[in-house]
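A.B. asks: First, the structure itself, so that you have it in front of you.
The values are calculated or read from the model by the stated rules, or taken from the named source; none is laboratory data. None of these values were measured; they are calculated from a predicted model. Cβ placement follows ideal geometry from the backbone for every residue including glycine, while neighbour counts extend to all protein chains displayed.
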Amino acid sequence: MAGYDINISNLKFNPPKGNKKGVLRDVSFKINNGEFVSFIGRNGHGKSSIFKAISGELNYVEGTVKVGNCIIDQPIYKLCDGVGIVHQYVQDDIIPELSILKNIQIRLSNCNDKKIRGQVTETNWKPKLNARLSEFLSSDDFTPTNETLVDDLSGGQRQLLNVLISIEFEHSPSIGCKLLLLDEHLTSLDKVIQKKVMLLIDKLAKRNCEKPTILMITHDFEHALEYSDSIIVIFEGSVKEIITKNETDKWNMEYLNSAL
């Protein structure tokens, strides 16, 4: 299945204790299904608020957020199947004190599909899970299993696990991952692990016949330039500019730095 189209129209966000101008001011843009779009901008200028509006995590929002055919006015997992979210801090998505299996069970409990929620009770599911963990999370001296505590994983392995769950495990195979939100998911990881995480995302996304729509907040312009189809510049709560890959005079580090 193809990824979701994203349509944002006249989005405003001004919480009661916010500044007079508002956190988001009349934000509008459209993203076609299967596109990889990066959002760049200075800290505090509204990037994460846009993602929270898309995921249905914001109150006091005006305007329209549409994902596929769904108007987002509550948490997105209640409205749309096939949505994965990877937050900046791994502990927002994964509980370190619990095993990998228990974390996956908790994540699957939010899935609308009963078959997905119940698959962890199937007799052959744990061996399959261990094979997947071995493929994507193993290191030279340590191969985690489903009973491994997340606390025993390295920081890079935790984020790799988070990505793996978000793309592969939370969705029905007939639907797959149709939208992936990456909210500064590479923060605190070294360059080697950052590259490994991005390669995993690229590999898993290409497994599907149709690519998911991927939105990424990043401060790393190299990743934005390498993986994106377009880059949206956010400045003071508004869309300052949308740069497409065919604008070769702007598709470079120097221009992106100047755009901020």
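Conditions (1) under 17 Å from residue 95 (Cβ atoms); (2) out of contact with any Cys (no Cβ under 6 Å at 6 or more places or on another chain); (3) crowded, with 22+ Cβ neighbours inside 10 Å; (4) modelled with pLDDT of 90 or more, marked per residue:
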residue: 159; (1), (2), (3), (4): yes, yes, yes, yes
residue: 162; (1), (2), (3), (4): yes, yes, yes, yes
residue: 173; (1), (2), (3), (4): no, yes, no, no
residue: 185; (1), (2), (3), (4): no, yes, yes, yes
residue: 200; (1), (2), (3), (4): no, yes, no, no
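A.B. asks: When you scan the range 227-259, how many residues do you find that are out of contact with any strand residue (DSSP E or B) (no Cβ under 8 Å at 6 or more places or on another chain) and in contact (Cβ under 8 Å) with a residue 24 or more places away in the chain?
C.D. replies: Result for the range 227-259: 4.
A.B. asks: Out of the residues in the range 206-224 that are touching a strand residue (DSSP E or B) at 6+ places or on another chain (Cβ under 6 Å) and assigned to a loop (DSSP other than H, G, I, E, B), state the one that is modelled with the lowest pLDDT. Show your work before the answer.
C.D. replies: Start the filter on the range 206-224 by keeping residues that are touching a strand residue (DSSP E or B) at 6+ places or on another chain (Cβ under 6 Å), which leaves 212-218, 224.
Within this subset, residues satisfying the condition of being assigned to a loop (DSSP other than H, G, I, E, B) are 212, 218.
On the way: 212: 92, 218: 95.
Going through the qualifying residues, I end up with 212.
A.B. asks: Next question, about the same structure. Conditions: (1) farther than 22 Å from residue 45 by Cβ; (2) surrounded by fewer than 20 Cβ atoms within 10 Å (Cβ to Cβ); (3) within 21 Å of the chain's Cα centre (by Cα). Residue 246 meets all but one. Number of the miss?
C.D. replies: (3)
A.B. asks: Let me ask something additional. Return the residues of the range 145-157 that are over 12 Å from residue 93 (Cβ atoms), of a type in the set (A, V, I, L, M, F, W, C) and surrounded by 19 or more Cβ atoms within 10 Å (Cβ to Cβ); say none if nothing qualifies.
C.D. replies: Matches in the range 145-157: 153 only.
A.B. asks: Kindly evaluate residue 106 against the criterion of being loosely packed, with under 15 Cβ neighbours inside 10 Å, of a type in the set (Val, Ile, Thr) and either without any contact (Cβ under 8 Å) to a residue 60 or more places away in the chain or closer than 27 Å to residue 184 by Cα (or both).
C.D. replies: Numbers: loosely packed, with under 15 Cβ neighbours inside 10 Å: yes; of a type in the set (Val, Ile, Thr): yes; either without any contact (Cβ under 8 Å) to a residue 60 or more places away in the chain or closer than 27 Å to residue 184 by Cα (or both): yes.
Yes; evaluated as a whole, the condition is true for this residue.
The rows are residues; the columns are (1) in a loop (DSSP other than H, G, I, E, B); (2) more than 24 Å from residue 210 (Cβ to Cβ); (3) more than 18 Å from the chain's Cα centre (by Cα); (4) of a type in the set (A, V, I, L, M, F, W, C).
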residue: 27; (1), (2), (3), (4): no, yes, yes, yes
residue: 33; (1), (2), (3), (4): yes, no, no, no
residue: 44; (1), (2), (3), (4): yes, yes, yes, no
residue: 49; (1), (2), (3), (4): no, yes, no, no
residue: 62; (1), (2), (3), (4): no, yes, yes, no
residue: 81; (1), (2), (3), (4): yes, no, no, no
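A.B. asks: Also, I was wondering about something else. Which residues, counting only those in the range 182-202, are of a type in the set (D, E, K, R), out of contact with any Ser or Thr (no Cβ under 8 Å at 6 or more places or on another chain) and not in a helix (DSSP H, G or I)? First the steps, then the outcome.
C.D. replies: Step one: of the range 182-202, the residues of a type in the set (D, E, K, R) are 183-184, 190-191, 195-196, 202.
With the extra rule that they be out of contact with any Ser or Thr (no Cβ under 8 Å at 6 or more places or on another chain), the set shrinks to 190-191, 195-196, 202.
Answer for the range 182-202, where residues must be of a type in the set (D, E, K, R), out of contact with any Ser or Thr (no Cβ under 8 Å at 6 or more places or on another chain) and not in a helix (DSSP H, G or I): just 190.
A.B. asks: Within the range 1-40, which residues are small (Gly, Ala, Ser), modelled with pLDDT under 95 and either surrounded by fewer than 20 Cβ atoms within 10 Å (Cβ to Cβ) or farther than 20 Å from residue 71 by Cα (or both)? Steps first, answer last, please.
C.D. replies: Narrowing the range 1-40 to residues small (Gly, Ala, Ser): 2-3, 9, 18, 22, 28, 34, 38.
Still in the running and modelled with pLDDT under 95: 2-3, 18, 22, 34.
Within the range 1-40, 2, 18, 22, 34 meet the criteria.
A.B. asks: Looking only at the range 98-145, how many residues end up being assigned to a helix (DSSP H, G or I), hydroxyl-bearing (Ser, Thr, Tyr) and under 24 Å from the mean Cα position of the chain (by Cα)?
C.D. replies: Count: 1.
A.B. asks: Here is a list of conditions, (1) surrounded by 13 or more Cβ atoms within 10 Å (Cβ to Cβ); (2) more than 16 Å from residue 56 (Cα to Cα); (3) modelled with pLDDT under 90; (4) not β-branched (Val, Ile, Thr), and residue 77 meets all of them except one; can you say which number that is?
C.D. replies: (2)
Residue-wise test of (1) surrounded by fewer than 21 Cβ atoms within 10 Å (Cβ to Cβ); (2) in contact with a helix residue (DSSP H, G or I) (Cβ under 6 Å, 6 or more places away or on another chain); (3) among the basic types (Lys, Arg); (4) part of a helix (DSSP H, G or I).
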site	(1), (2), (3), (4)
180	no, no, no, no
204	yes, yes, no, yes
226	yes, no, no, yes
232	no, no, no, no
